[in-house]
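Structure first, then comments.
The values are calculated or read from the model by the stated rules, or taken from the named source; none is laboratory data. Owing to the predicted nature of the structure, the values given are computational and were not obtained by experimental measurement. FYI the Cβ positions are ideal-geometry reconstructions off the backbone, even for glycines, and counts take in every protein chain you see. What goes into the accessible areas is simple: the full protein's heavy atoms, side chains included, and nothing from ligands, DNA or RNA. Shrake-Rupley method; radii C 1.70, N 1.55, O 1.52, S 1.80 Å.
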Amino acid sequence: MIAMRTIKGPAIFLAQFAGEASPYNNLPEIARWAARHGYKGVQIPSWDSRLFDLAKAAESQTYCDEIKGVLYEAGLELTELSTHLQGQLVAVHPAYDLAFDGFAAPEVRGNPIARQAWAVNQLRLAATASRNLGLKTHATFSGGLAWPFLYPWPQRPAGLIETAFDELARRWRPILDAFDDAGVDLCYEIHPGEDLHDGITFEMFLERVDNHRRCNILYDPSHFVLQQLDYLDYIDIYHERIHMFHVKDAEFNPSGRQGVYSGFQPWALRAGRFRSLGDGQVDFSSIFSKLTQYGFDGWAVLEWECCIKDSEQGAAEGAPFIDGHIIKATSRAFDDFAASGVDVNTNRKLLGIGQDDE
């Protein structure tokens, strides 16, 4: 029987809030800002040098202790590091070379081979940095080689998708091994635009990396709402691999004019769009219940994205929303008060099992 656990939180992913102005442009100030809003943990984007130096964290335990000290002074914990942008660059189809080039360091832009090598090194640094920080999980993207061929028109050549996933696994396997050496789970955010964007694609990848124990899932229901995938059934199927949780809301309102693809419209005009917590259609009560039931012991981390509401309002509302959904896992059965206290012999009598039946 799975031991139920209380989810930790609320926490907040800082990527969408970091900026050039105070208090968003340095870690001490943004940490105090998050704490004032009621958050207990922060997830740090490793690519944002205003908040964090990934290379330094990989080489200096002193620096890592200083980072944890800054957060401790604000009353916070570090939940995870993120390499979403660097992970994206591990596998980029040429159609997206220009679009994704800005994610990389200036010295490797315009050179896809050098850019990929840089991205792989960033993930290796992240594994070491996570270990130095005492973290057990890490967030990233898988990147995508097959994504441009999502809708089969013209007909896909035989073996195209299999070749893409074989190559994706070849690129990620050494990275997964590096995270294994560091004792850290690598959690892929299952996300449109990535080759790992639903359950089937995760399974295709997992099989190719030989069910690697460090290959796990960052669960974000908002992306499943936009795909019209059953995000509650997803937990039932993949709960053993779900090791991270982004709390993000979304809504899907199709019409006679647009559906899942949303007709190239801007976010505010799409049938599927991200919303602040409580403003969308995600059934968070059921999600928190299922994750608690299955023993998820990670953090509930707000990832704020909304095409309507201001980010400050979203952050202020997010902490109490998450806190109100966290379930304190029970340590006993609700009907223990009615326990009869019978022993094995009594149970056998109740079943009509006598000595002669043994």
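Hey, among the residues in the stretch 63-104 that are within 19 Å of the chain's Cα centre (by Cα) and among the hydroxyl-bearing types (Ser, Thr, Tyr), which one's nearest to Arg124 (Cα to Cα)?
Looking at residues that are within 19 Å of the chain's Cα centre (by Cα) and among the hydroxyl-bearing types (Ser, Thr, Tyr), I get Thr83.
So which pairs qualify, if the first residue must be in the stretch 55-67 and free of Cβ contacts under 8 Å to residues at least 12 places away in the same chain, the second must be of a type in the set (A, V, I, L, M), the Cβ gap must be under 6 Å, and the two must be at least 6 apart or on different chains?
Sorted first by the residue in the stretch 55-67, then by its partner, the pairs are Tyr63/Ala57.
Six or more apart or on different chains, Cβ atoms under 8 Å: show the pairs whose first residue is in the stretch 170-185 and touching a residue at least 60 places away in the same chain (Cβ under 8 Å) and whose second is charged (D, E, K, R) and open to solvent by 50 Å² or more (accessible area, probe 1.4 Å).
Ile175/Arg124
Every residue in the stretch 180-209 that is farther than 16 Å from His84 by Cα and of a type outside the set (A, V, I, L, M, F, W, C), please.
Asp180, Asp181, Gly183, Asp198, Gly199, Thr201, Glu203, Glu207, Arg208
Residue check: is Arg115 part of a helix (DSSP H, G or I), open to solvent by 60 Å² or more (accessible area, probe 1.4 Å) and within 25 Å of Ala182 (Cβ to Cβ)?
No; evaluated as a whole, the condition is false for this residue.
Examine the stretch 294-307 for a residue that is surrounded by fewer than 21 Cβ atoms within 10 Å (Cβ to Cβ) and over 21 Å from Phe13 (Cβ atoms), and state whether such a residue exists.
Yes, the stretch 294-307 has at least one match.
Answer yes or no as to whether Ser255 is farther than 24 Å from His325 by Cα, open to solvent by less than 20 Å² (accessible area, probe 1.4 Å) and out of contact with any Phe, Trp or Tyr (no Cβ under 7 Å at 6 or more places or on another chain).
Criteria not met by Ser255.
Residues in the stretch 1-45 that are over 24 Å from Gly324 (Cα atoms) and either hydroxyl-bearing (Ser, Thr, Tyr) or within 18 Å of the chain's Cα centre (by Cα) (or both): how many?
3
Any idea which of (1) touching a His at 6+ places or on another chain (Cβ under 8 Å); (2) in a helix (DSSP H, G or I) is the one Ala178 doesn't satisfy?
Only one criterion in (1) touching a His at 6+ places or on another chain (Cβ under 8 Å); (2) in a helix (DSSP H, G or I) is unmet by Ala178, namely (1).
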